[in-house]
Amino acid sequence: MIDFQDRVAVVTGAGGGLGRAHALLLASRGAAVVVNDLGGSVHGEGASSSAADDVVAEIRESGGEAVAEYSSVATPDGGAAIVAKALDDYGRIDIVVNNAGILRDRSFANMDWIELNTVLDVHLRGAFYVTQPAFRYMKEAKYGRIVMTSSGAGLFGNFGQGNYGAAKAGLVGLMNVLKLEGAKYNIKVNAIAPIAHTRMTEQVLEEMADCFDPESVAPAVGYLCSEECEYTGDIWSVGGGSVSRIFIGLCDGYFQHPDREGPLTIDDVADNLNLIRSEDGYLVPFSSEDEFAKLGPRLMG
Ligand code: NAI
């Protein structure tokens, strides 16, 4: 059985919704959990310690180990304090689940910069602020498991969520780099794109809401946080009992050798759209080196 005995986890935004489910699952399998939550509204207004406190009480009542932490992930000091809590109270940090989030939905033409920055600060910069101090510790310890909470809104698109979608897709960019920088230290960095009925999706899931409880997302996060997880750089779509990989594929495309067949023209592009856009024969690059590795032999061959 997968367990987290002697492991210490930080789950941000764990005072409700998905984060609560992740924290409860990790604690039920033996992890000591730092339950971070600012306790504000879904739009990121206000603060309260009760959200984190309630989840800690729930964990302790079922015999688990947890401690509450109330900082905002959205500042460097907040991120440092969250990680310091794990180190001060439990002496180590093995797992970070970047989960805290808010919404400030607005169509792009109407969006103001406060709506942009507030969302980037929590989702994207927040993941930097929490993950960096943890990553430094994990490098020394030569062990770490990090999960980013991305979203279909960024990976596939969702009307009215330019700020949120960009932040969520940005997390995948950070993951792709951290998976390389963490590789030789046994730090695995993965992402989920969840679907769950929480206060954030109150208006969205409608009659399907009951099918998407947060508890059916937590097992995938739990696996990605486990020592057993050998994958890094994966993105999993998770919700309603389904877990499936999402990937970015590089298709075979159209190639015209510049020396032998002449430099590519705008007309060559227009004439070869079927090949350029064909989904046949794709590869899934692990890094940008793989993209070059595909091109090199074509040019040199
Ligand atoms: P939620 O609103 O129930 O949970 C988010 C939690 O983050 C709240 O408890 C909130 O107090 C906390 N939080 C907000 N700002 C914070 C800050 N600055 N510092 C610390 N804590 C903060 O919503 P839900 O659905 O559980 O969202 C969890 C994550 O999953 C979010 O990142 C969200 O964007 C993401 N997500 C959720 C989806 C869904 O279907 N519910 C879909 C795709 C992504």
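Given the conditions (1) surrounded by fewer than 16 Cβ atoms within 10 Å (Cβ to Cβ); (2) within 17 Å of the chain's Cα centre (by Cα); (3) among the hydrophobic types (A, V, I, L, M, F, W, C), and given that Leu250 satisfies all but one, which numbered condition is not satisfied?
For Leu250, the failing item is (2).
Taking the conditions exactly as written (under 16 Å from His22 (Cβ atoms), in contact with a strand residue (DSSP E or B) (Cβ under 8 Å, 6 or more places away or on another chain) and assigned to a strand (DSSP E or B)), does Val238 satisfy them or not?
yes
Criterion first (surrounded by 15 or more Cβ atoms within 10 Å (Cβ to Cβ), closer than 16 Å to Phe4 by Cβ, of a type in the set (Phe, Trp, Tyr) and modelled with pLDDT of 95 or more) does Tyr70 satisfy it?
no
Restricting attention to region 191-229, and to residues there that are away from the ligand (no atom under 12 Å from the Cβ) and crowded, with 23+ Cβ neighbours inside 10 Å, which single residue is farthest from Arg29 (Cα to Cα)?
It comes out as Leu224.
Any chance region 253-276 includes a residue that's touching a residue at least 12 places away in the same chain (Cβ under 8 Å), within 16 Å of the ligand (Cβ to nearest atom) and more than 14 Å from Leu18 (Cα to Cα)?
no
For the list (1) buried (at least 22 other Cβ atoms within 10 Å of the Cβ); (2) within 11 Å of the ligand (Cβ to nearest atom), I need the number of the one condition that Ile59 fails.
Among (1) buried (at least 22 other Cβ atoms within 10 Å of the Cβ); (2) within 11 Å of the ligand (Cβ to nearest atom), Ile59 violates only (2).
Scan region 185-197 and tell me whether some residue there is more than 13 Å from Gly19 (Cα to Cα), under 13 Å from the mean Cα position of the chain (by Cα) and without any contact (Cβ under 8 Å) to a residue 12 or more places away in the chain.
no
Need pairs with beta-carbon distance below 6 Å; first residue over 20 Å from Asn176 (Cβ atoms) and within region 228-244, second among the aromatic types (Phe, Trp, Tyr) and in a strand (DSSP E or B); sequence gap 6+ or separate chains.
Val243/Trp236
Restricting to region 52-82, count the residues that are under 15 Å from Gly13 (Cβ atoms), outside any loop (DSSP other than H, G, I, E, B) and β-branched (Val, Ile, Thr).
Final tally of qualifying residues: 3.
Suppose we filter region 134-173 for residues that are in contact (Cβ under 8 Å) with a residue 12 or more places away in the chain and either within 14 Å of the ligand (Cβ to nearest atom) or outside any helix (DSSP H, G or I) (or both); how many remain?
Residues flagged as in contact (Cβ under 8 Å) with a residue 12 or more places away in the chain and either within 14 Å of the ligand (Cβ to nearest atom) or outside any helix (DSSP H, G or I) (or both) within region 134-173 amount to 27.
Could you run through region 19-40 and say how many residues are hydroxyl-bearing (Ser, Thr, Tyr) and under 12 Å from Ala52 (Cα atoms)?
Counting residues in region 19-40 that are hydroxyl-bearing (Ser, Thr, Tyr) and under 12 Å from Ala52 (Cα atoms) gives 0.
Rundown of residues vs (1) within 11 Å of the ligand (Cβ to nearest atom); (2) crowded, with 17+ Cβ neighbours inside 10 Å; (3) at positive phi, yes/no style:
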position	(1), (2), (3)
Thr75	yes, no, no
Asp89	no, no, no
His123	yes, yes, no
Gln132	no, no, no
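Going by the conditions given, is Ser41 of a type in the set (Ser, Thr, Tyr) and within 15 Å of the ligand (Cβ to nearest atom)?
yes
Do we have any residue at all in region 12-29 that's in contact with a His (Cβ under 8 Å, 6 or more places away or on another chain), under 20 Å from Arg145 (Cβ atoms) and within 11 Å of the ligand (Cβ to nearest atom)?
Yes, because at least one residue in region 12-29 is in contact with a His (Cβ under 8 Å, 6 or more places away or on another chain), under 20 Å from Arg145 (Cβ atoms) and within 11 Å of the ligand (Cβ to nearest atom).
The values are calculated or read from the model by the stated rules, or taken from the named source; none is laboratory data. Note that the structure is predicted; figures quoted are calculated from it, not measured. Virtual Cβ from ideal backbone geometry, glycine too; neighbours counted across all protein chains shown.
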